[in-house]
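K.L.:
Handing you this structure, nothing more for now.
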Amino acid sequence: WEGTAARMVDAQAPGLAARVRELAAVPASGDGWPSRMLAECALLHTLAQGFLHLDGLPEPLAATVRSRVGLTTDTAELLATGEPVRDDWLILAQRDADDGRLTTRRVWLHGRNTGRMALLLSYGAAGRAPELSLPVGLSLDADLVYYPAARPLRAALATRHAPPRAAAGPPPGTDVATALARYGDALRDDPWLDAWPVVLDDVIPAPDAELGWQLADARTESALPVDPRCADRTGLWQLAAVSGGEPVTVFGDCGHAGFTPLTTWAPEAVPL
């Protein structure tokens, strides 16, 4: 896998390289790994076929394929030519990931007026935090420009019209069924999408010895499983402590592997 990934890097396709590297860990992922391997290989095949037939795709989908392969859009050009979206952006979550070569910071935002989600990415050298830092729970009056995609999410921060200020609370949330439907709608536009950001309200975190952690909808009999990769994070117990068995509002990523909680409110924002 590493040899194939290295060839993808040489071909200026770092997105493909990252997906190939992830395949190396699939055989050690537990029971049912051949099915997961087949699914990932099928997604890679679909992506490769899409790239080979870019000229026949609608431009938004073609932009998504180029992004998934790893072809970058120049941020300066995007800011100069893209259409800005001004809103009062609530800073929902911030998380860093370090792969030994690069530190990647993800910042999730929600527009109070447009209702749109946005994801800001910034990078720093390994072991060093990126310069962009937006404290969770604050609100920012600013322009964002979305990168082209079939389902735009990633954006670049343009003009800031005022300093960040304290927010008035969480954004409006939704129930489990609607959260799943939103992920399904996004997946229809981008079949390589792992998860979509959503805000759940009136859910109760519930650990279960057999089923693992779940977020139970207090209004229905539905529950959303928590991504098993989060099982050893102290943030889940922190979320349970904030809840105290009562319904809470939680922001996170909803995807095929489950839900990844990132922030709750008590009533101020609490990063998990």
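The values are calculated or read from the model by the stated rules, or taken from the named source; none is laboratory data. Computed from a prediction, not measured in an experiment: that's the story for all the values here. Glycine gets a Cβ as well: all are built from the backbone with ideal geometry, and neighbour counts include every protein chain shown. Remember, those area values only see protein heavy atoms, side chains included, never the ligands or the DNA or RNA. Shrake-Rupley method; radii C 1.70, N 1.55, O 1.52, S 1.80 Å.
K.L.:
Is the shape of segment 55-105 rounded, prolate or oblate, going by the alpha carbon gyration tensor and its root eigenvalues a ≥ b ≥ c, with a/c under 1.5 for rounded and a/b larger than b/c for prolate? Walk me through the numbers on the way to the answer.
P.N.:
Details: a/c = 2.03, a/b = 1.20, b/c = 1.69.
The shape class here is oblate.
K.L.:
Also: Which net charge results when you count Lys and Arg as +1 and Asp and Glu as -1 among the other residues whose beta-carbon is under 11 Å from that of Ser29?
P.N.:
Numbers: positive: Arg36, Arg229; negative: Glu22, Asp31, Glu40.
In short, -1.
K.L.:
Please state, as a whole number in µm²/s, the translational diffusion coefficient that the Stokes-Einstein equation yields for segment 1-139 at 25 °C and 0.890 mPa s, with Rh defined as the Kirkwood radius across alpha carbon pairs.
P.N.:
Values: Rh = 17.7 Å.
It comes out at roughly 139 µm²/s.
K.L.:
Give me the percent of DSSP beta bridges within segment 83-216 that run antiparallel, rounded to the nearest 5. Show your work: numbers first, answer last.
P.N.:
Working: 33 of 35 bridges.
The antiparallel proportion sits near 95 percent.
K.L.:
Now for a different question. Once the whole set of protein chains is in place, how much accessible area is left on Leu138, using a 1.4 Å probe, in Å² to the nearest 10?
P.N.:
50
K.L.:
How do Glu246, Glu83 rank by accessible surface area computed with a 1.4 Å probe, from largest to smallest?
P.N.:
Numbers: Glu246 115, Glu83 155 Å².
Sorted descending by solvent-accessible area, the residues read Glu83, Glu246.
K.L.:
Where does the charge balance sit around Arg188 when Lys and Arg score +1, Asp and Glu -1, over other residues with C-beta under 14 Å from its C-beta? Each step should come with its number before you reach the end.
P.N.:
Values: positive: Arg151, Arg182; negative: Asp185, Asp189, Asp190.
So the environment of Arg188 carries a net charge of -1.
K.L.:
Taking a probe of 1.4 angstrom, what is the accessible area of Ser133 in Å², to the nearest 10?
P.N.:
70
K.L.:
Where only protein heavy atoms count, and the probe is 1.4 Å, what is the accessible area per residue for segment 175-267 in Å²? All intermediate terms of the calculation are to be shown ahead of the outcome.
P.N.:
On the way: 4430 Å² over 93 residues.
The answer is 48 Å² per residue.
K.L.:
How would you order 188-196, 6-14 from highest to lowest mean count of nearby Cβ atoms within 10 Å? The partial results should precede the final answer.
P.N.:
Working: 188-196: 16.3, 6-14: 14.4.
Order by mean packing, descending: 188-196, 6-14.
K.L.:
Normalising by the residue count of the chain, find the relative contact order in percent from Cα pairs under 8 Å and 6+ residues apart.
P.N.:
Numbers: 510 pairs, mean separation 34.2, N = 272.
Result for the chain is 13 percent.
K.L.:
Right, here's the next one. In terms of the ratio Rg/(2.2 N^0.38 Å) built on C-alpha atoms, what value belongs to segment 174-272? Before the final figure, lay out each step's value.
P.N.:
On the way: Rg = 12.7 Å, N = 99, 2.2 N^0.38 = 12.6 Å.
It is 1.01.
K.L.:
Could you work out the relative contact order of segment 1-129? I mean the mean sequence separation of Cα pairs under 8 Å and 6+ apart, divided by the number of residues, in percent.
P.N.:
16
K.L.:
While we're looking at this one, here's another question. What ratio of Cα Rg to 2.2 N^0.38 Å holds for the chain?
P.N.:
Values: Rg = 19.2 Å, N = 272, 2.2 N^0.38 = 18.5 Å.
Expressed relative to 2.2 N^0.38 Å, the Cα Rg reads 1.04.
K.L.:
Right, next: Enter the per residue convex hull volume of segment 161-226, computed from alpha-carbon coordinates, in Å³ rounded to the nearest integer. Display every interim value, and only then the final one.
P.N.:
Values: hull volume 10.1 nm³, N = 66.
Dividing the Cα hull volume of segment 161-226 by its residues yields 153 Å³.
K.L.:
Then there is this: Once whole DSSP H runs in the chain are found, which of them have Cα atoms spread over 27 Å or more along the helix axis and a mean Kyte-Doolittle score of at least -0.5?
P.N.:
Details: long enough: 33-52 (28 Å, 0.62).
Qualifying helices: 33-52.
K.L.:
Right, something else. Got a number for the accessible area of Asp201? Probe 1.4 Å, square angstrom, nearest 10.
P.N.:
About 30 Å², rounded to the nearest 10.
K.L.:
Using only alpha carbon pairs under 8 Å that are at least six residues apart, calculate the relative contact order of segment 103-161 and give it in whole percent.
P.N.:
On the way: 93 pairs, mean separation 17.4, N = 59.
It comes to 30 percent, rounded to a whole number.
K.L.:
log₁₀ I(q)/I(0) of segment 81-218 at q = 0.09, 0.15 Å⁻¹, via Debye over equal Cα point scatterers, no solvent, to two decimals?
P.N.:
-0.32, -0.89
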